[in-house]
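Here's the structure, in structure tokens; my notes come after.
Only the coordinates and a few stated rules stand behind these numbers; no lab work does. Just so you know, these numbers come straight off a predicted model, no measurement behind them. Cβ coordinates were reconstructed from backbone atoms using ideal geometry, including for glycine residues, and neighbour counts include every protein chain displayed.
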Amino acid sequence: MRTTDGAADSRQPLISIKNVSLSYGNFKALTDVSVDFFQGELVGLVGDNGAGKTTLIRIISGINPPTSGEVYFDGEKITKFHPKKAMDLGLECIQQSIGICDNLSVGRNYFLGREPVKRVLGLPFLDKKKIREASAKVVHDFGLRDTVDVDDEIALLSGGEKQTFKIARAVTFRNRVIIMDEPTNHLSVRERAHVNELAVQLKQQGLLVIYITHDIFQIHRIADRIVIMENGRKVTDVPRDAMSADALEGIIRDGGRAPSKGPKVA
Amino acid sequence: MNPSIRSSVRRHPEGITIGLVILISVAFAVITQGGWLSIGNLQSISQVTAVLAIMAFGEAMVIATGEIDISVGSVSGIGALTFLGLAPVVGSGLALLAAIVCGVFIGTLNGIFVALLGLPSLLVTLGTLFLFQGIGYAVTSGFSFAATDAVRQEFIYNTVGGGYIAGVNVAAIWALIVLVVLQLIVFETPIGNRILAVGGDAGSSFSRGVSVTKIKFGVYVVSGVLAAFAGVLDAASIGYADGSFGATMELSAIAAAVLGGCHLTGGRISLLGTLFGAFMLRGIQSFLILLAVEPQWYILVVGLIVVLASVADRTLTRFATKG
């Protein structure tokens, strides 16, 4: 297995995945995956459909516990897998197909799971003013239509607007880690460029950014490191400068079987 | 069409039901030449509406999470039987507590199977519906429980259904209290936001750190408690109960919630609408009684209304979420 450059190796990884496997019944979605992620780096997690990228992210973000193997966050072993726990540790995830409840307003979606409260007679009530103002500011800052009313159901937004909203939410609540699963889906060319700039900025602010995509050429331009998955295994893990985008694409196209690029896949 | 109309239809799904209730109230009053609108009739409608509404509020909470609870009829029966069976022995205070505990117990049972084990709520609560109906029949074995004269004098008995305030059964007061409390919880607290979120998209809610299991478990306990309490209110008002108590009430409770603008797919409910839905059903029932229509026609009319309501609901939802 290849590792990152020497500077990164001397530091403690922020997230460390050790020999993680995940099975759904007889289907092995992940097989013995080990990978480290460091603070302040932008990692491109690449692979074909069904390679296990999203499954790996679901484990890191606490949605699924692994069948076997360990996950460490900041040196501490994770024993309880729950998205709430991941959020409390400072991890924000832009999930590809989930993360928004269509029936709730934009503001309520923005704060879902971490609603601001004001106490009335000691009882926790939603701080609707804060919900409205904070979410309106974010919606405005990220360039959504001026006609978007944060009190209205988020179902009224277009696919691209919802995606922008998810990115805006993750970025605004940013803490230590941001995971982006195919963040540029539904977005226009200009918006894509903006998301990629954002990813780089977040990294420069010292966050760990894990960026999942199909598009090796796009991620090769901005990532510090590329991790390729195939059939539930990690097949390549190289610093961006170590290989060209074309060579990396070759690995993906050949299903991770390129002779000297990784372990054999059964 | 004016976007503000769409927006208000979207935000207030109960508006149509309330409008309809006013319309049929006028129609019923005219047709019965004021008989339907008489004080005595309105008093009796308000009592039966209140009992149904409390049960339907619990149902609405479960529907909010995208599940269903069809055991509420049996739970109200068990609540009624527990209350009237124990009240002469231990007093109405402890009997009330025991009835509520039964509601908690059955709600917990439903919650374990639906929330923890992930079984389909329709099947689980159908099972508990039959199970506790069977227990109700077995316990009474053909007899009925009645409140003794001593029990009827007790303060708590009169507070939970036996008494009247300004000629209106106390059940109506209880229904309003439950309505206000649940309205605050569902629409003004973080828990409420998460209840609606779970019904809207359980997977997305979970990914935002919401404990779907706890939320679903909680609403079943609430539904169980409210159904048992509704049974107590009804039993104390009537003064006796047998094994068939509460039978088919679950259907009226679901119908009231749906009429009131609760979406069975979850995530969108209206408690005020549910109250009016219950009022509509009970109002129609009373209207048919005044017209001396045989009671079995009531069920047919309810069926028709629910089918029409679901068509109207879909049409409205499409209208409201367009553009």
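Laid out as a table, the results:
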{"read-out": "Spin-label model distance (nm) - residue B:318 vs residue A:172, 7 Å beyond Cα toward Cβ", "value": "3.5 nm"}
{"read-out": "Å³ per residue enclosed by the Cα convex hull of segment B:81-138", "value": "67 Å³"}
{"read-out": "Test item: A:121-128 mean partner chain Cβ contacts at 10 Å", "value": "3"}
{"read-out": "Residue pairs, from the table A:84/A:130; A:162/B:214; A:18/B:216, whose Cα atoms sit over 24 Å apart", "value": "A:162/B:214; A:18/B:216"}
{"read-out": "More than 12 angstrom apart: percent of Cα pairs within segment B:26-74", "value": "69 percent"}
{"read-out": "Efficiency of FRET between residue B:141 and residue A:102 - r from beta-carbon atoms, R0 45 angstrom, step 0.05", "value": "0.35"}
{"read-out": "Normalised contact order of chain B, rounded percent, pairs of Cα under 8 Å and 6 or more residues apart", "value": "34 percent"}
{"read-out": "Total formal charge among the other residues, if their Cβ is under 12 angstrom from that of residue A:65, Lys/Arg +1 and Asp/Glu -1", "value": "+2"}
{"read-out": "Neighbouring partner chain Cβ atoms per residue of B:185-192, average, 10 Å criterion", "value": "4"}
{"read-out": "Of B:221, B:13, B:51, farthest towards positive along the dipole that unit charges on Lys, Arg, Asp, Glu beta carbons give chain B", "value": "B:13"}
{"read-out": "Chain A, relative contact order in percent, only Cα pairs under 8 angstrom and at least six apart counted", "value": "27 percent"}
{"read-out": "nm² value of the averaged projected area, convex hull over the Cα atoms of chain A", "value": "15.5 nm²"}
{"read-out": "Within 10 Å of each Cβ in B:290-301, the average number of Cβ atoms from other chains", "value": "0"}
{"read-out": "Amide H contacts of residue A:233 (H built 1.01 Å from N, under 5 Å, at least 5 apart or other chain)", "value": "A:31"}
{"read-out": "Kyte-Doolittle at least -0.5, axis length at least 15 Å by Cα - qualifying DSSP helices, chain A", "value": "A:159-172"}
{"read-out": "Radius of gyration and maximum dimension Dmax of segment B:23-161, Cα, Å", "value": "18.2, 55"}
{"read-out": "Kirkwood Rh in Å, taken over the protein assembly as shown so that all alpha-carbon pairs contribute", "value": "26.8 Å"}
{"read-out": "Value of relative contact order over segment A:104-173, rounded to a whole percent, pairs C-alpha under 8 Å and six or more apart", "value": "37 percent"}
{"read-out": "Peptide ranges B:103-115, B:297-309 listed from the most packed, as the mean C-beta count within 10 angstrom indicates", "value": "B:103-115, B:297-309"}
{"read-out": "Evaluated at q = 0.14, 0.18, 0.29 Å⁻¹: base-10 log I(q)/I(0), Debye formula over Cα of segment A:104-173", "value": "-0.40, -0.63, -1.44"}
{"read-out": "Computed E for residue B:33/residue B:148 - FRET, C-beta separation, R0 45 angstrom, nearest 0.05", "value": "0.65"}
{"read-out": "Cβ-Cβ FRET estimate between residue A:201 and residue B:7, R0 fixed at 35 Å, reported to 0.05", "value": "0.45"}
{"read-out": "For q = 0.10, 0.14, 0.21 Å⁻¹, Debye-computed log10 I/I(0) when each Cα of segment A:1-155 counts as one equal scatterer", "value": "-0.51, -0.88, -1.28"}
{"read-out": "Axial C-alpha extent at least 18 Å, average Kyte-Doolittle at least 0.0 - helices from chain B (DSSP)", "value": "B:15-31, B:39-64, B:72-90, B:92-111, B:121-140, B:170-188, B:212-238, B:271-290, B:296-320"}
{"read-out": "Of all DSSP beta bridges in the protein assembly as shown, antiparallel share, percent nearest 5", "value": "60 percent"}
{"read-out": "Cα point-scatterer Debye curve for segment B:113-270, base-10 log of I(q)/I(0) at q = 0.09, 0.14 Å⁻¹", "value": "-0.39, -0.88"}
{"read-out": "Estimated [θ] at 222 nm from DSSP helical runs (n ≥ 4, -39500 (n - 2.57)) normalised by residues in chain B, nearest 500", "value": "-24500 deg cm²/dmol"}
{"read-out": "Ratio of Rg to Rh over chain B (Cα coordinates, Kirkwood Rh, two decimals)", "value": "0.98"}
{"read-out": "Within chain A, helix-based [θ] at 222 nm, where runs of 4 or more DSSP H residues each add -39,500 (n - 2.57), nearest 500", "value": "-9000 deg cm²/dmol"}
